[in-house]
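Q: Below are the structure tokens for one structure; questions will follow.
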Amino acid sequence: MRNLIILIIIAVCCPACKVNTQLDYAMPKNWFVAGTVWLVRTEATTLVTGLKEDKIGFDYFKLEDGHSVDGQACMGMYRSRGNDCSYGDNPILFVRSEGQKVYYWNNTTDGGRWELVYDFDLHTGDECEIAIYDPVVYEYCFKMRVRCVWRGATAAYDGYPYMSVENVAQYGERARWLIGLGSFYSPFESIMCWTGGFNYSVISVTHNGRTIYHDSVDGVAR
């Protein structure tokens, strides 16, 4: 009886604790914010003297504040090759977040415009139109309508929740999004893993030095 009374008191006095834990797992923070860094594994396949040769490399992508595009405050995404952590002075892309949505700047159209790349608030059956960006030159390519086909409060990959989306116009073309972090491939490949001799995979994501996601399958020392 005493234990029952204690449980009732906890449930009545602290209902938010239980609810918040569940919500945090199903809807993590949108980590497209200043201070977030993606470590991406790059595999380039080439033909050398008629033989296939795979070259493995690693790129870092970092978001920093202090930019404004089209009258809106935004972040710059900087790239560093390998482990030299030299990001350069100019961002490869401009990014902004709005709730659970992520937008990239499209400078290939007249005057430019913001394009929706991720909507982490999609639930099973929801659809939206997203922009596809080239992960090699970081430029806008085309738009695609996608549908969320699976997500759940207990869904996790390496301990991190994810969702599955598919191309509405082409059945079977799917991608997995780490909720709040982007796709499994890179911050750019929101629906497909591009071919053409290049393959990408996210190894880890950190924010101001704190590990948010870590792919234990890859086996690369972080």
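Q: Evaluate the following for I191: is it at pLDDT 85 or above and touching an Asp or Glu at 6+ places or on another chain (Cβ under 9 Å)? Don't jump to the end; show me each part of the working.
A: On the way: at pLDDT 85 or above: no; touching an Asp or Glu at 6+ places or on another chain (Cβ under 9 Å): yes.
No; evaluated as a whole, the condition is false for this residue.
Q: Taking the stretch 100-113 as the region of interest, how many residues are touching a Lys or Arg at 6+ places or on another chain (Cβ under 7 Å) and modelled with pLDDT under 95?
A: Adding up the residues that qualify gives 1.
Q: Let me ask something else. Filter the stretch 71-91 down to the residues that are surrounded by fewer than 16 Cβ atoms within 10 Å (Cβ to Cβ) and under 17 Å from E139 (Cα atoms) and list them by number.
A: Result: N90, single match.
Q: Going through the stretch 162-185 one residue at a time, which ones are of a type outside the set (A, V, I, L, M, F, W, C) and in a strand (DSSP E or B)? Reasoning before the result, please.
A: Going residue by residue through the stretch 162-185, those that are of a type outside the set (A, V, I, L, M, F, W, C) are 162, 164, 166-167, 170-174, 176, 180, 182-183, 185.
If the condition is that a residue be of a type outside the set (A, V, I, L, M, F, W, C) and in a strand (DSSP E or B), then Y162, S164, E166, N167, R174, R176, G182, S183 are the ones that fit.
Q: Without any contact (Cβ under 8 Å) to a residue 12 or more places away in the chain and either surrounded by fewer than 16 Cβ atoms within 10 Å (Cβ to Cβ) or under 19 Å from the mean Cα position of the chain (by Cα) (or both): which single residue out of D65, D119, D110, D126 fits that description?
A: On the way: D65 fails: without any contact (Cβ under 8 Å) to a residue 12 or more places away in the chain; D119 fails: without any contact (Cβ under 8 Å) to a residue 12 or more places away in the chain; D126 fails: without any contact (Cβ under 8 Å) to a residue 12 or more places away in the chain.
Within the list D65, D119, D110, D126, the selection yields D110.
One line per residue, one yes/no per condition, for (1) modelled with pLDDT under 85; (2) part of a strand (DSSP E or B); (3) touching a Ser or Thr at 6+ places or on another chain (Cβ under 8 Å):
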position	(1), (2), (3)
Y87	yes, no, yes
S97	no, yes, no
L122	no, no, no
W150	no, yes, yes
A153	yes, no, no
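Q: Do we find that V19 is within 28 Å of G159 (Cβ to Cβ) and at pLDDT 90 or above in this structure?
A: Working: within 28 Å of G159 (Cβ to Cβ): yes; at pLDDT 90 or above: no.
No, not satisfied.
The values are calculated or read from the model by the stated rules, or taken from the named source; none is laboratory data. For clarity, every value in this text was computed on a predicted model and none was experimentally measured. Note that we place each Cβ from the backbone using ideal geometry, even for glycine, and neighbour counts take in every protein chain shown.
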